[in-house]
Amino acid sequence: MSDDIVDENLPDVAPASSREERVHEEERWCYTRDDIEEWLHSDIPENDVWSHATSYRYNPHHVFLNLFRFRGTTMPHVLLRPSLWFSIITFSGTMVCRKGWLGVGAKCGDSLPALAPGDLSGTLLPLLTFFLAFYTQECYNRFKTEYINLKRIEGNIRSLGICVRVGFKCPERKLAKYDMLELFRYLCAAYYSMCTVVYGGDNYRLCLEGSHNLGLLSRKEKEALEQIPESVRWYKLLSWAFRHTEQVSHRNLMTEKETCEVHRHIMAIRQEMNTVIHDCEMRVPLGYYHTITFLTVTICLAFSYSVGYSKDIQSDLGILVLMLQLFGFLGMHEVAMQLADPFGDDECDLPVVSYVTKCMAFMTMYVSDDSEEELHLNEKEFAKGSYWVSTYYGDEKEVAWMLSKAESGRNTGLKRVLLKFIMRLFSSKYYMLSHWKRLTSEHQASRKEFKARHKI
């Protein structure tokens, strides 16, 4: 690494790092193309603590295979809910007292109050179905909105990558790549810090140590952020990225328009992060959640009692009817609760750590590729008759010959100056000709008006 890279630090924002640490931080992202492609096309490893929080993939055409899946479904959570077992106990006790089992009961059930499944099917069951469907739809809209906001953050980071690819110009290409990677590192670190604010899981805790282990923060930067409240760290990291852009613009003599464009994308990222945090802070109102939960639990208990009380349903089929109804109601309620808080430890929660890691890997791969600088130096070789420009020029070889004449290494600066001079010359002549035609037409119109007035 050159001395220019080592001496370039952020004294106003982040603590200065030593030469060895700066070198280590730069080499940390010097991965091979195969490593980065493996990150982009693979999920988080199974031994990672976040492997259970990723979205489980499935093929909707494999119907029977999906029916017998356990992980990634609501079955593990429904089986842990006390309301399910209270309903089963209610059904079992009512059935024993009402119908008898192994000679037990059969008479004690005569004093039980009558309640048949038909009494609930026309009133409470449709009401609960409507409320659960509406509540689940609202929670899914909340889940989808949070996902879209996260992807907008990544989209702004990728759009910024195209801007800095042109704006961060430097004679030393390695220094330009270092500047771009530093900017993306700050942005991804802010992305990770924002996730620490909205994360609501109980099993793990996102912290600065995790960001340091991912290579997004150096040791000095981590120590500086530890002095700041957790809710402000993502905002401070965006300020570091803003300051880094200012330093690069002064050193590389970026135009004011290019600098403002980079700043505009950073402010767009800040706005999307703010939206994610504000939406996450707006929880489902307690009254809404309490009403849905109360209706679900009480109606499930009442339905369990009615199935056990009714003699129209056989004992061996009663448990099947009960489990289908309980799984439908409790399962939808469980899905709605998981979707209402997409940042946690549930199987359907958003894998935010994977998003941050893949975003940084994507931008690293983008920066490491230099095809933009070599694109116009290549010969235009296409399959016969497939080049779109050939429909206008008629011959692909002629197009390739014209492009090769205009490539670099043939005094393009002089050609550019001559082309501007010719365009100005023709534009001035065209302006003079159009002005002369306008004056001539006005003169002829005035003469016609004079003749008409004096009847000449």
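Only residues that are crowded, with 16+ Cβ neighbours inside 10 Å and either β-branched (Val, Ile, Thr) or assigned by TED's automatic domain parsing to the domain that holds residue 150 (or both): list them for the range 281-308, please.
284, 292, 296, 297, 299, 307
Looking only at the range 187-206, count every residue that is part of a helix (DSSP H, G or I) and among the aromatic types (Phe, Trp, Tyr) and tell me the total.
2
So, of the residues in the range 76-95 that are of a type in the set (A, V, I, L, M) and without any contact (Cβ under 8 Å) to a residue 40 or more places away in the chain, which turns out to be farthest from residue 303 (Cα to Cα)?
So the residue we want is 80.
Answer yes or no as to whether residue 184 is assigned to a helix (DSSP H, G or I) and either under 30 Å from residue 331 (Cα atoms) or in contact with a Ser or Thr (Cβ under 7 Å, 6 or more places away or on another chain) (or both).
No, not satisfied.
Among the listed residues 199, 140, 135, 178, which satisfies the condition of being at pLDDT below 90, surrounded by 14 or more Cβ atoms within 10 Å (Cβ to Cβ) and under 30 Å from residue 287 (Cβ atoms)?
When all the criteria are applied, what remains is 199.
Restricting to the range 121-163, name every residue that is under 30 Å from residue 249 (Cα atoms), touching a His at 6+ places or on another chain (Cβ under 9 Å) and among the hydrophobic types (A, V, I, L, M, F, W, C).
157, 160, 163
Let me confirm something: among 270, 251, 264, 243, which residue is assigned to a helix (DSSP H, G or I), at pLDDT below 85 and either charged (D, E, K, R) or within 17 Å of residue 161 (Cα to Cα) (or both)?
251
Identify, from the list 270, 264, the residue that is crowded, with 18+ Cβ neighbours inside 10 Å and over 19 Å from residue 122 (Cα atoms).
Unique residue meeting the criteria: 270.
Working only within the range 156-172, note down all residues that are under 20 Å from the mean Cα position of the chain (by Cα) and either buried (at least 22 other Cβ atoms within 10 Å of the Cβ) or not in a helix (DSSP H, G or I) (or both).
157, 160
Scan the range 335-364 for residues that are farther than 21 Å from residue 213 by Cβ and part of a helix (DSSP H, G or I) and jot them down.
Answer for the range 335-364, where residues must be farther than 21 Å from residue 213 by Cβ and part of a helix (DSSP H, G or I): 335, 336, 337, 338, 339, 340.
Looking at the range 98-106, can you tell me whether even one residue there is modelled with pLDDT under 85, in the same structural domain as residue 306 (by TED's automatic domain parsing), buried (at least 19 other Cβ atoms within 10 Å of the Cβ) and more than 29 Å from residue 342 (Cβ to Cβ)?
yes
The values are calculated or read from the model by the stated rules, or taken from the named source; none is laboratory data. On a predicted model such as this, the values are computed, not experimentally measured, just so you know. Cβ: placed from backbone, ideal geometry, glycine included. Neighbour counts: every protein chain shown.
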